[in-house]
Amino acid sequence: MPEMQPVVSSNVAAIGYDETTEDVYVEFIESGMYAYERVPLPVWQDFEVASSKGGFVNSVLKPNYACRRP
């Protein structure tokens, strides 16, 4: 698992990216850790700077990338 970056969000506690597997890790405040698979680096970079982390998860990650519990 990559090093996690704390974020300011009402739903998301921290995010991280594994460049080897292209997995985005999202630690939710209420429901714990999830990994979104094979997310290209530019999408990760957009996520890092998104003003709403929860909004980005719902509009970009959830509909477009497979998800698992690590």
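The values are calculated or read from the model by the stated rules, or taken from the named source; none is laboratory data. Remember, predicted model here, so these are calculated numbers, not experimental data. Note that each Cβ is placed from the backbone with ideal geometry, even for glycine, and that neighbours are counted across all protein chains shown. Remember, those area values only see protein heavy atoms, side chains included, never the ligands or the DNA or RNA. Shrake-Rupley method; radii C 1.70, N 1.55, O 1.52, S 1.80 Å.
Points worth noting:
- On the beta carbon distance between residue 59 and residue 1, with R0 = 22 Å, the FRET formula returns roughly 0.35.
- Residue-normalised accessible area of the chain, expressed per residue, 1.4 Å probe, Å²: 60 Å²
- Here is how the number arises for the chain: DSSP H runs of 4 or more residues each give -39500 (n - 2.57), the sum is divided by the residue count, and the result at 222 nm is -4500 deg cm²/dmol.
- In a fully extended conformation the segment linking residue 67 and residue 48 would gain 5.0 nm over its present Cα-Cα distance, using 0.36 nm per residue.
- Cα→Cβ-extended label distance, 7 Å offset, between residue 30 and residue 8, nm: 2.2 nm
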